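Here is the structure we will look at, set down as structure tokens.
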Amino acid sequence: MSQSTQPTTPDTTSEPRSVLVTGGNRGIGRAIAEAFLAQGDKVAVTTRSGGAPEGALDVRCDVTDPAAVEAAFAEVEAAHGPVEVLVANAGITADTLLLRMSEDDWSSVIDTNLTGSFRLAKRASKGMLRLRRGRIILISSVVAMLGSPGQVNYAASKAGLVGVARSLARELGSRSITTNVVAPGFIETDMTASLPAEQQAEYAARIPLGRLGAAEEVAGTVLWLAGPAAAYVTGAVIPVDGGLGMGH
Ligand code: NDP
């Protein structure tokens with residue numbers, strides 16, 4: 001193998017890393033934070049009203065507020081050092097059919113899911129560029145590629161993350177910073193519990209694996225993307241959807 005194919009800074013350290021998970025108080029974010037804690041990493045989670053898992057640094061942050069994002073990073077850096085793994089997980093839905101969708105339904109979802117992730121990735125990349133390594137993982141959705149009636153705002157925000165990740169993969173790759181997207185399917189959390197039972201059953205019937213997913217199953221993929229085994233994976237969109245979205 002020629003010298004030029006060697007990674008500049010191999011990300012194979014077994015030292016605990018500084019990990020930041022947004023929306024880590026419940027659902028998928030909590031399962032991700034708990035998985036990193038279980039492998040001994042230094043984990044900070046952002047919450048809006050507390051409730052971080054035991055062992056994690058609980059940092060108050062609304063991702064729609066640029067000053068709060070800046071303050072959260074300052075707090076995490078002071079406690080754990082520069083963020084080496086960012087998991088941009090915080091997200092919302094405001095579902096309704098197009099003709100009923102208000103400007104606020106649109107902009108609140110875009111601002112939280114897409115612009116929030118942009119803010120987080122931008123701030124995290126500062127420290128990662130200095131370290132010359134890092135892992136950025138954006139939590140998208142199967143809906144990004146599949147589309148979904150009543151979710152024009154949500155689908156646009158989640159599809160936008162794919163463009164963000166692929167651009168960052170090209171922009172930051174030379175510094176051994178990987179950027180990847182995880183696209184969960186139908187995962188049992190508060191977000192999906194709010195869907196009508198008929199819609200839940202309809203989704204389940206379309207999933208090749210024949211069941212809904214668990215938050216821990218998303219966490220497993222995130223852990224892999226953040227670990228040494230995925231050092232050569234960037235710009236990828238990894239589905240964790242029981243086959244629901246395959247073909248895209
Ligand atoms: P939940 O609704 O259970 O949790 C959402 C999390 O995001 C909460 O921690 C919430 O904090 C946080 N959050 C929301 N808005 C903000 C904000 N403005 N600032 C900071 N934090 C915020 O969702 P899930 O766990 O189901 O979803 C997690 C991610 O996975 C989301 O991005 C979602 O779109 C995505 N996803 C989920 C799927 C599913 O089937 N569940 C499928 C595909 C993708 P708080 O407690 O303060 O409200």
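Laid out as a table, the results:
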| read-out | value |
| --- | --- |
| Dipole magnitude of segment 1-131 about its Cα centre (Cβ charges: Lys, Arg +1; Asp, Glu -1), debye to nearest 20 | 220 |
| Binned Cα-Cα distance frequencies in segment 10-73 - 10 Å width, integer % | 25, 49, 22, 3 |
| Charged-residue dipole, Cβ positions (Lys, Arg, Asp, Glu), the chain about Cα centre, Debye nearest 20 | 880 |
| Positive-pole candidate from Ala226, Gly247, Val63, dipole of the chain, charges at beta carbon | Ala226 |
| Nearest 10 degrees, 0 to 90: helix 116-131 Cα axis against the chain principal axis | 10 |
| Rel. contact order, % - alpha carbon contacts under 8 angstrom, at least six apart, the chain | 20 |
| Whole-angstrom gap from segment 26-42 to segment 93-114, using each part's C-alpha centre | 29 |
| Crossing angle, helix 66-80 versus the chain [Cα axis fit, 0-90 degrees, rounded to tens] | 50 |
| Extreme residue, positive dipole direction of the chain, given options Ile28, Trp106, Ile136 (C-beta unit charges) | Ile136 |
| For the chain, built as a Gaussian network whose Cα springs stay under 10 Å, the top-fluctuating residue of Ile177, Ile136, Ile238 | Ile238 |
| Rounded tilt (10° steps) of 27-38 against the dominant C-alpha axis of the chain | 30 |
| Contact order normalised by residue count of segment 44-118, Cα under 8 Å, 6+ apart, percent | 23 |
| Measure of compaction for segment 79-138 (Cα Rg per 2.2 N^0.38 Å) | 1.46 |
| Per-q log10 I(q)/I(0), the chain, q = 0.17 Å⁻¹ (Debye; single scatterer per alpha-carbon; no solvent) | -1.31 |
| Reciprocal mean inverse distance between Cα atoms of segment 206-248 - Kirkwood radius, Å | 11.6 |
| Ellipsoid semi-axes in whole angstrom, largest first, where each is sqrt(5λ) of the Cα gyration tensor of segment 61-187 | 28, 17, 11 |
| Selected from Pro16, Gly51, Thr189, residue furthest toward positive end of dipole (the chain; charges at beta carbon) | Pro16 |
| Whole-Hz ³J(HN,Hα) from phi, Karplus 6.51 cos²θ - 1.76 cosθ + 1.60, for segment 229-238, glycine and proline x | 5, 10, 4, 9, 10, 8, x, 8, 10, 9 |
| Within a Gaussian network of the chain (alpha carbon springs, distance under 10 Å), most fluctuating of Met191, Met145, Met128 | Met191 |
| GNM flexibility winner over the chain from Ser125, Ser49, Ser194 (Cα, springs under 10 Å) | Ser194 |
| Selection of GluC sites (Glu not before Pro), segment 23-76, meeting DSSP coil and at most 13 other Cβ within 10 Å | Glu54 |
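Every read-out reported here was derived from the displayed coordinates using simple, explicitly stated rules and does not represent laboratory data. All values reported here derive from a predicted model rather than from experimental measurement. Counting neighbours? That spans all protein chains shown, and the Cβs are built from the backbone with ideal geometry, glycine included.
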